[in-house]
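Visitor: Let me begin by handing over the structure; questions about it come next.
The values are calculated or read from the model by the stated rules, or taken from the named source; none is laboratory data. Small disclaimer: the values here were computed from a predicted structure and weren't measured. Cβ atoms come from the backbone with ideal geometry, glycine included; neighbour counts cover every protein chain shown. Areas reflect the complete protein model, heavy atoms only, side chains present, ligands, DNA and RNA absent. Shrake-Rupley method; radii C 1.70, N 1.55, O 1.52, S 1.80 Å.
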Amino acid sequence: MAGLNPVIDVLIIGAGFGGIAMARELDRLGIVDYLIVEKADRVGGTWRDNTYPGAACDVPSHLYSLSFAPNPHWSRLFPRQAEIHSHMQHLSAPWLARNKFRFDWSVASLRWQSAERVWQVSNTRGEIIEARIVVAAMGGLHVPNWPDILGRETFSGRHCHTARWDHSIAFAGKRVGVIGTGTSAIQVVPELAKVAAQLHVFQRTPVWVPPRPDVAIAAWLQRLFAWAPPLRLAFRAALYLQLEMLSLTLLKPRSAFWVRWLARRHLHQQVADTTCRKALQPDYPIGCKRIALSSDYYPALQQANVHLDTTAIAAIEPEGLRLVDDRHVALDVLIYATGFRPMDVLATVQIEGEGSASLNRLWADRPCSANGVAVPGFPNLFFVLGPNTALGHNSVLYMIESQTGHIGTLLRDMRRRRCAEVEAESAAMTRFMIDIDRAFPGTAWAGGCKSWYLDAKGRNIALWVGLTLTYRWRLRRARRRDYAFR
Ligand code: NAP
């Protein structure tokens, strides 16, 4: 093992939006002794990893921005991956200039040293950083789900996952298969349909697809937003309130009739063939799986070179896919748009807290936490976008900033009280999990579909169930009652 460096105050893991927001919070508090470690060679998180053609955000750009880093010059209402990633690179420049990042630093383990009250964080090369506080901003959707389909390793053509796009694959003139019809698939399918000779879309479950009202933001409006920030802020507030209203309908699905009507009308307007329409009509409540906004998915599916296949896949074979009705679909390229494994968020990191308690073991059945931010037995360790703080309806950046602000307040309290340790109370974790489980039944997300929000037993492992405003309010109150300071 490499020699130890001096102990630093704070180590942030992950250089996505969460890590950057946390760094900014530390700056605001005047904490200068911190580093951000990142497994990749650049900032960006989700928006660095998901580079598939058509990748874009389905939260409007002016809302999908950190509040301290507004961008009046977003070129579209719904930003595309390249624009978000370049915005993030621009955003991170001050921290790059201050040498705050350690890239290619893939965390392998975190071990709490109770005598010294520090976290010993090691990477896959055996290098160690010691820090008094660790903030894990690793995101919940970064482990690709490679589906457990018989014969997956035998496919002889090119293949990749949407979250690990292989830009060396040429699609022009090829027979391409896409497994999955979630939000990633509905974005990549229209792009592949433009170039593939044949595109086979393998659908297990249809998704609700309302139209995506994407427009370019005119140059004059961008200038106006730059010139009059209150106008941009008002626009952002209007977008935020609109999505909070959507969450009300998802919390009480009976009131979601208008979103359902919108999606049904869209399907009827865009798909004339009744058999195809029937195959694309979901039979579960809208919002149960993430709503997939798209105005070009249905038209792409009806192109002459595109085939929607709803027969289950029996096996992957060297030359293509075998379906359960024994049909063989010959393919040159296979795309896995099969999502992520949120239960495997700690797949590559071992975390040992007080008394060598293992967080991996604790979370093996279900990831539990106090407010999605901390776990009893793991002092001075905080999570950004921890369990049950992802969203199915609004900007996750709002949740990130709620959490980084909350963590900042705890660090300030520690400093004020001259404490070396802060740890979540067990009662706080119990309260949070009970509140999540109580609020969940009766919501759209509990509507009986299968989604990455749920574990194999149907328990909600991912979502915050409520308004984002309620979450921010909860964290305000949590500061006083949910932590022990030592
Ligand atoms: P996803 O929503 O989990 O969808 C995975 C798809 O793969 C589903 O259609 C699923 O079918 C299918 N699938 C999985 N295993 C399969 C198997 N063994 N055989 C056949 N089909 C299989 O994943 P995603 O589309 O990557 O989206 C994940 C999340 O990423 C989203 O919910 C969202 O939070 C985020 N995302 C956001 C945006 C954005 O615009 N902001 C864009 C893309 C992704 P079943 O439905 O039957 O399980």
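Visitor: Pick from F340, F378: which is among the aromatic types (F, W, Y) and away from the ligand (no atom under 16 Å from the Cβ)?
Guide: Answer to the selection: F378.
Visitor: Right, another one. Give just the number: which of (1) assigned to a helix (DSSP H, G or I); (2) modelled with pLDDT under 95; (3) of a type in the set (A, V, I, L, M, F, W, C) does I434 not satisfy?
Guide: Result: I434 passes all but (2).
Visitor: Just the residues that are assigned to a helix (DSSP H, G or I), out of contact with any Gly (no Cβ under 8 Å at 6 or more places or on another chain) and within 8 Å of the ligand (Cβ to nearest atom), please, taken from the range 177-208.
Guide: T183, A185, I186
Visitor: Does N145 count as under 24 Å from the mean Cα position of the chain (by Cα), surrounded by fewer than 23 Cβ atoms within 10 Å (Cβ to Cβ), away from the ligand (no atom under 16 Å from the Cβ) and closer than 30 Å to V384 by Cα?
Guide: Against the criterion (under 24 Å from the mean Cα position of the chain (by Cα), surrounded by fewer than 23 Cβ atoms within 10 Å (Cβ to Cβ), away from the ligand (no atom under 16 Å from the Cβ) and closer than 30 Å to V384 by Cα), N145 does not qualify.
Visitor: I'd like to verify a number: residues in the range 39-61 that are away from the ligand (no atom under 16 Å from the Cβ) and open to solvent by less than 10 Å² (accessible area, probe 1.4 Å), how many?
Guide: Matching residues across the range 39-61 total 1.
Visitor: Give the range 455-486 a look and list any residue that's buried (at least 21 other Cβ atoms within 10 Å of the Cβ), under 20 Å from the mean Cα position of the chain (by Cα) and either over 12 Å from T389 (Cβ atoms) or of a type in the set (A, V, I, L, M, F, W, C) (or both), or say none.
Guide: Matches in the range 455-486: I461, A462, L463, W464, V465.
Visitor: Can you tell me which residues in the range 1-47 are of a type in the set (V, I, T), in a loop (DSSP other than H, G, I, E, B) and within 12 Å of I129 (Cβ to Cβ)?
Guide: Result: V7, single match.
Visitor: Of these, A55, A82, which one is within 23 Å of R164 (Cα to Cα), over 16 Å from the mean Cα position of the chain (by Cα) and among the aliphatic types (A, V, I, L, M)?
Guide: Result: A82 is the single residue among A55, A82 that is within 23 Å of R164 (Cα to Cα), over 16 Å from the mean Cα position of the chain (by Cα) and among the aliphatic types (A, V, I, L, M).
Visitor: Now, a different point. For L35, which of the numbered conditions (1) in contact (Cβ under 8 Å) with a residue 24 or more places away in the chain; (2) open to solvent by less than 20 Å² (accessible area, probe 1.4 Å) fails to hold?
Guide: The number of the failed condition is (2).
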